[in-house]
Amino acid sequence: MEETIRGEYLIFGYMGDLEDAIRFAKKNGISGGTIKGIETAHGNLMELGPLLKSEANYKRLKEDVGGLIESLVKSVRESNEDNTLGCVQQLKEKLKMLKSETLV
């Protein structure tokens, strides 16, 4: 139970990071399509959250997307559209893969 609670905090933290990225992207003039991609990744993370039931699931999430989210936020803060778009694409792919593997 304790691991699940910590894992849920991890999810909430990542969701907050993506919300920050959206806010910074709008402020820094990142294109609407890229912002939409960040919003989609945020939605995918919200859908994935309830599917994660074990410490191993949360560990995998942290390993697969933690660094990507950090890079995404950094790229948005630096107004680097190309890096932001690359991070968004990788993040969406990882979240989709995690969701499909968790449902199996």
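Throughout, read-outs are computed from the coordinates displayed, never taken from laboratory work. The model shown is predicted, which means the values in this text are computed figures rather than measured ones. Backbone-built Cβ (ideal geometry, glycine too); neighbour counts: all protein chains shown.
Condition check for Val88 on (1) of a type outside the set (Phe, Trp, Tyr); (2) assigned to a helix (DSSP H, G or I); (3) touching a Ser or Thr at 6+ places or on another chain (Cβ under 9 Å); (4) surrounded by fewer than 16 Cβ atoms within 10 Å (Cβ to Cβ): one failure, at (4).
Looking across the stretch 63-75, not a single residue is surrounded by 14 or more Cβ atoms within 10 Å (Cβ to Cβ) and more than 27 Å from Asn28 (Cβ to Cβ). If you go through the stretch 11-37 and keep only what is in contact with a Ser or Thr (Cβ under 7 Å, 6 or more places away or on another chain) and of a type in the set (Ser, Thr, Tyr), you end up with just Thr34.
Which is closer than 15 Å to Gly13 by Cα and part of a helix (DSSP H, G or I), of Val76, Val65? The match here is Val65. Within the stretch 25-60, the set of residues being over 15 Å from the mean Cα position of the chain (by Cα), under 25 Å from Arg77 (Cβ atoms) and not hydroxyl-bearing (Ser, Thr, Tyr) comprises Lys26, Lys27, Asn28, Gly29, Ile30, Gly32, Gly33.
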